[in-house]
Amino acid sequence: MNIFAERMISLQPSVIREIFKYMNDPEMISFAAGNPSPEAFPVETISRITAEIMQKDPITALQYSISEGYSPLREWIKADLLQKGIYKSEDDDVIITAGAQQVMEVMTKLVCNEGETIICEAPSFIGSLNAFRSYRAKLAGVPMDNEGIELEKLEATLRANPKTAFIYLIPNFQNPTGKCTSLARRKAVLALAKKYRVMIVEDNPYGDLRFAGADIPTLKELDSDGLVVYAGSFSKTLAPGLRVGFMCAPTHITQKAVVCIQASTVHTPILPQMLTHRFVSQTDFSAHIEKVQMLYKNKARLMLDSLKFSMPVSIDFTEPEGGLFIWGTLPGGDMVDFCKKAVLNKVAIVPGNAFLVDERDPCLSFRLNFSYPTDEQIEKGVELLSKVAKKIY
């Protein structure tokens, strides 16, 4: 007897989560996770703020609340986004979600009928891909170059899929590649979205983690036609376990999104929202972010330098200006076998096909995370990885 709904047929366990099964080995060095560094967590300040909330306002923290989110936090986010040019006060609203991931789930539920198309970068974030799959969306992956999603192939995909629900993009320090979409490419993508009357969901959890180069306006900032839904998060700037993210979008979208939230989580837990608000409004949040940026700048540089020193020159690596990831590409051979050999040699990396619309598609790339491992683990892990690579290339 098949007890599962048909929409579950296409869902498979995350390759990344499956790799975590090896993490019980105390000798395993993980470059596979997408976790922020524990060094980035302001533990003492969070402990103090939590205690203050429970002493002074415990009922608000423990009681049901409105689905839109904790009002003081929403107002702080609006002011912050307004200053950045992202929030269009005359048209937009902000609601709080359980991380940016819930924005993807809600938007798919909201605008994508079964069998309609969601266009995404190839590769793209596996968590979002699975959210789309859970509603039986048709996924269309468009390759990337060093400036972002390829325009000619994007337009061809739009023409071939007239029933496209939205385009999903991670323009800043993309997961998994670490690439940043250029300003010219952002403007061109917006022009295509306008031409084909298609929405864009802009996922920007890494935007505040730039540690090199100049800031580039977000798609939401550049949008003058109400086409972009913006997803933000405090998971990478504060702590992922709080599960505090947000959606900034035209009001007619956020109003319907609230109904979706009411039907699933009712509201994002209030205590983490209160904690987040007090942290961003009562401490020097900018100084905290600068500290995190410097931490990741040093970690990225250490990993890149180690890779250049130890790995065969035929293996190519991206050089991100922010975020958490480096994308490696082999000159040939069997990438999945390479990743398996790496795990057997006590270093975990993620095979690149995990981030494709169809994992069976050919792929020679793999993802490395530099934020989570310690500096010592970065050096040791690259050394172990190089021993595997030098036997093959």
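Summary of values
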| read-out | value |
| --- | --- |
| Identity of the residue in region 54-73, assigned to a helix (DSSP H, G or I) and in contact (Cβ under 8 Å) with a residue 24 or more places away in the chain, that ends up nearest to the chain's Cα centre (by Cα) | L73 |
| Single condition E68 does not satisfy, out of (1) within 30 Å of E116 (Cα to Cα); (2) open to solvent by less than 40 Å² (accessible area, probe 1.4 Å); (3) modelled with pLDDT of 95 or more | (2) |
| Failed criterion for T108 (all others in (1) of a type in the set (S, T, N, Q); (2) open to solvent by 10 Å² or more (accessible area, probe 1.4 Å); (3) under 16 Å from C248 (Cα atoms) hold) | (2) |
| In region 140-154, the residues that are in contact with a helix residue (DSSP H, G or I) (Cβ under 6 Å, 6 or more places away or on another chain) and in contact (Cβ under 8 Å) with a residue 40 or more places away in the chain | A140, G148, L151 |
| Unmet requirement for P36, which otherwise passes all of (1) in contact (Cβ under 8 Å) with a residue 24 or more places away in the chain; (2) part of a loop (DSSP other than H, G, I, E, B); (3) open to solvent by 80 Å² or more (accessible area, probe 1.4 Å) | (3) |
| A79 assigned to a helix (DSSP H, G or I) and surrounded by 21 or more Cβ atoms within 10 Å (Cβ to Cβ) | no |
| Residues satisfying the stated conditions in region 289-300, i.e. open to solvent by 20 Å² or more (accessible area, probe 1.4 Å) and either touching a Leu at 6+ places or on another chain (Cβ under 9 Å) or at pLDDT below 95 (or both) | I289, Q293 |
| Residue within region 114-122 that is of a type in the set (S, T, N, Q), open to solvent by 40 Å² or more (accessible area, probe 1.4 Å) and at pLDDT 95 or above present | no |
| Residue that is least open to solvent (accessible area, probe 1.4 Å) [pool: residues in region 301-337 that are of a type in the set (D, E, K, R) and touching a strand residue (DSSP E or B) at 6+ places or on another chain (Cβ under 9 Å)] | E321 |
| Filter result (open to solvent by less than 60 Å² (accessible area, probe 1.4 Å) and either among the hydroxyl-bearing types (S, T, Y) or free of Cβ contacts under 8 Å to residues at least 24 places away in the same chain (or both)) within region 265-283 | T268, T276, S281, T283 |
| When residues of region 112-131 are limited to those that are hydrophobic (A, V, I, L, M, F, W, C) and assigned to a helix (DSSP H, G or I), the one farthest from the chain's Cα centre (by Cα) | A131 |
| Test result for V292, among the β-branched types (V, I, T) and in contact with a strand residue (DSSP E or B) (Cβ under 6 Å, 6 or more places away or on another chain) | no |
| Considering residues of region 40-53 that are touching a residue at least 12 places away in the same chain (Cβ under 8 Å) and of a type outside the set (S, T, N, Q) only, the residue surrounded by the most Cβ atoms within 10 Å (Cβ to Cβ) | A40 |
| T97 being under 28 Å from A137 (Cα atoms), touching a residue at least 40 places away in the same chain (Cβ under 8 Å) and touching a strand residue (DSSP E or B) at 6+ places or on another chain (Cβ under 6 Å) | yes |
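Residue-wise test of (1) out of contact with any helix residue (DSSP H, G or I) (no Cβ under 7 Å at 6 or more places or on another chain); (2) open to solvent by 10 Å² or more (accessible area, probe 1.4 Å); (3) within 14 Å of Q273 (Cβ to Cβ).
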{"site": "G213", "(1), (2), (3)": "yes, yes, no"}
{"site": "L222", "(1), (2), (3)": "no, yes, no"}
{"site": "V228", "(1), (2), (3)": "no, no, no"}
{"site": "S233", "(1), (2), (3)": "no, yes, yes"}
{"site": "K236", "(1), (2), (3)": "no, yes, no"}
{"site": "L242", "(1), (2), (3)": "no, yes, yes"}
{"site": "G245", "(1), (2), (3)": "no, no, yes"}
{"site": "C248", "(1), (2), (3)": "no, no, no"}
{"site": "T251", "(1), (2), (3)": "yes, yes, no"}
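The values are calculated or read from the model by the stated rules, or taken from the named source; none is laboratory data. It should be emphasised that the depicted structure is a prediction, and the values quoted were computed from it without experimental measurement. Methodologically, a virtual Cβ is constructed for each residue, glycine included, from the backbone with ideal geometry; neighbour enumeration extends over all protein chains shown. The protein model used for the area step is the full one, side chains on, heavy atoms only, and it has no ligands, DNA or RNA in it. Shrake-Rupley method; radii C 1.70, N 1.55, O 1.52, S 1.80 Å.
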